[in-house]
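A short write-up of the structure that comes next.
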Amino acid sequence: MKRLILASLIVLPFASSATTFSCKAIQEGQIDSGSQKSSVETRLDVQDKSMKVSMGGKTWRLGFIGEKSIAKMYATPDGGIAVTYIDNGSEPVFVMRPTNNDGQTAIYTLSLCSEA
C-alpha cells in the first residue's frame with residue numbers, strides 16, 4: 001500500500017497539462033474593433049498555473065491569477081503584463097494587456113492561434 005501511494009505522489013507532479021500555441025497576428029483593441037492586424041509571431045506556453053509568452057525576441061513569465069467562465073487570466077508578478085486565455089471550444093484567443101512605463105494600458109488581441 002505504501003508503494004502505491006509513493007508511486008502516485010511521484011507521478012502526479014508531472015501530470016499537469018501544458019499546451020503550446022503559436023499565434024500569427026496581433027490587433028490593437030478588442031476583437032472586430034476595426035483596428036488593423038499586423039503579422040507578429042507569438043508563442044504561448046500555457047500550463048495550469050503559469051504561462052510563458054515569447055514575442056519579438058522577448059519572453060515573459062506569467063502566473064495564474066483567476067478564472068471566469070471560459071477565460072483564464074495570467075499576469076506578471078508586477079502586473080506589467082496580463083494575458084487572458086479564452087478557450088471557446090474552437091479557435092483560442094488571447095488578449096494581452098501591457099502597461100507602459102507611464103501607466104497607460106494597451107489592449108492587444110492575438111489571433112490565428114493554433115497548437116504548436
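The values are calculated or read from the model by the stated rules, or taken from the named source; none is laboratory data. Being a predicted model, the structure only gives us computed values, none of them experimental. Neighbour counts are summed over all protein chains in view; Cβ atoms, including those assigned to glycine, are modelled from backbone coordinates with ideal geometry. Keep in mind that these areas ignore ligands, DNA and RNA; they rest on the heavy atoms of the full protein, side chains included. Shrake-Rupley method; radii C 1.70, N 1.55, O 1.52, S 1.80 Å.
Listing for the model above:
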{"item": "Every residue from region 36-75 that is of a type in the set (Lys, Arg) and more than 14 Å from Val93 (Cβ to Cβ)", "result": "Arg43, Lys49, Lys52, Lys58, Arg61, Lys68"}
{"item": "Test for Ser38: is it exposed (fewer than 13 other Cβ atoms within 10 Å of the Cβ), modelled with pLDDT under 95, closer than 14 Å to Tyr108 by Cβ and out of contact with any helix residue (DSSP H, G or I) (no Cβ under 7 Å at 6 or more places or on another chain)", "result": "yes"}
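Yes or no, residue by residue, for (1) modelled with pLDDT of 90 or more; (2) open to solvent by 20 Å² or more (accessible area, probe 1.4 Å); (3) not in a loop (DSSP other than H, G, I, E, B):
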{"position": "Asp45", "(1), (2), (3)": "yes, yes, yes"}
{"position": "Trp60", "(1), (2), (3)": "yes, yes, yes"}
{"position": "Phe64", "(1), (2), (3)": "yes, yes, yes"}
{"position": "Lys72", "(1), (2), (3)": "yes, yes, yes"}
{"position": "Val95", "(1), (2), (3)": "yes, no, yes"}
{"position": "Pro98", "(1), (2), (3)": "yes, yes, yes"}
{"position": "Ser111", "(1), (2), (3)": "no, no, yes"}
